[in-house]
Amino acid sequence: MSGYKTVIARSVGTKQSSACEKSGLLRRFAPRNDGAGQFRNNSNDGAGQFRDRSNDGAGQFRYNSNDEAGYVHSIDSCGMVDGPGIRYLIFLSGCALRCKYCHNPDTWEIKNGQIMTVDEIISDINKYRSYIRFSGGGVTITGGDPLIQPDFLEALLARCKSEGLHTAVDTSGYGTEHIVRKILAHTDLMLLDIKSINPAIYKHITGVPIGRTLETLRISKEMGVSIWIRYVLVPGLTDKTEDMYLLVKDEKL
């Protein structure tokens, strides 16, 4: 299957974290908390910080007028399992899925994060560019599911590409064709999380149909974007031989 890499299960990164901590590369950022369970966002203090425009009356959260800011749950400066080389990992808030074995359910809600601008993120990435460059690494945007914030994601990816950074998006692929196409236009590698190739099991695990994920896979192939398939092997749930065969056979991928 030229152009594909299948990753069965996902490392939680214990060894990579230990190595990065010893090297001094690892830095993690998490949202601030005001002690009452509420995450605080930056108001406009005249120094380039953006206020949370919480709701536009149609249930849509807005950031700033040019989509250059969004909700960031956390950042890891030394990822080693989310794409080639040393990766700067950006975890965006928000996800449409509710997976039964979710690795980080604290990212589900879009506002469980801090508003950051593209400029702020690029400024932080620049601190690690030498390690990223010499390792053949780049920037991986994950979540949650980054497709929940498509305009911010597109702006961030486009800026990374203009800075000469390799880009990867870790997603379930649950987005419209319009969103997927505009995101993949700035993506070097897609890490596509397929919870199960069996439609019934997929719906049972995630709460949503598999159709959009498979459509995202088709679009990625059409656009020539490199793909790594990620699959979590859960005994008794996603380990059926016939489903594994369908996952890796050329007719499906």
>> Sort 117-124, 217-224 by the packing proxy (mean of other Cβ within 10 Å over each peptide's residues), most packed first.
In response: 117-124, 217-224
>> What FRET efficiency comes out for VAL81 versus ASP119 if R0 is 22 angstrom and r is the Cβ-Cβ distance? Round to the nearest 0.05.
In response: 0.20
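Checking a compactness column here: for the stretch 153-218, what do you get for Rg(Cα) / (2.2 N^0.38 Å), N being the number of residues?
So the stretch 153-218 has a normalised radius of gyration of 1.22.
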> Among ARG212, ARG133, what is the fewest-to-most ranking by other Cβ atoms within 10 Å?
Replying inline: ARG133, ARG212
>> Only counting other Cβ atoms within 10 Å, I'd like SER135, SER130 sorted with the fewest neighbours first.
In response: SER130, SER135
> Assuming R0 = 25 Å, what is the FRET efficiency of ALA158 and ARG129, from their Cβ-Cβ distance, to the nearest 0.05?
Replying inline: 0.90
> Which stretch or stretches of the stretch 181-222 have amide N atoms under 15 Å from the point lying 7 Å from LYS240's Cα along the Cα→Cβ direction?
Replying inline: 195-206, 210
> Do any of LYS100/LYS127; LYS182/LYS203; LYS111/LYS182 go past 29 Å between their Cα atoms, and which?
Replying inline: LYS100/LYS127
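Every read-out reported here was derived from the displayed coordinates using simple, explicitly stated rules and does not represent laboratory data. Bear in mind the structure is a predicted one, so any value in this text is a computation, not a measurement. Virtual Cβ from ideal backbone geometry, glycine too; neighbours counted across all protein chains shown.
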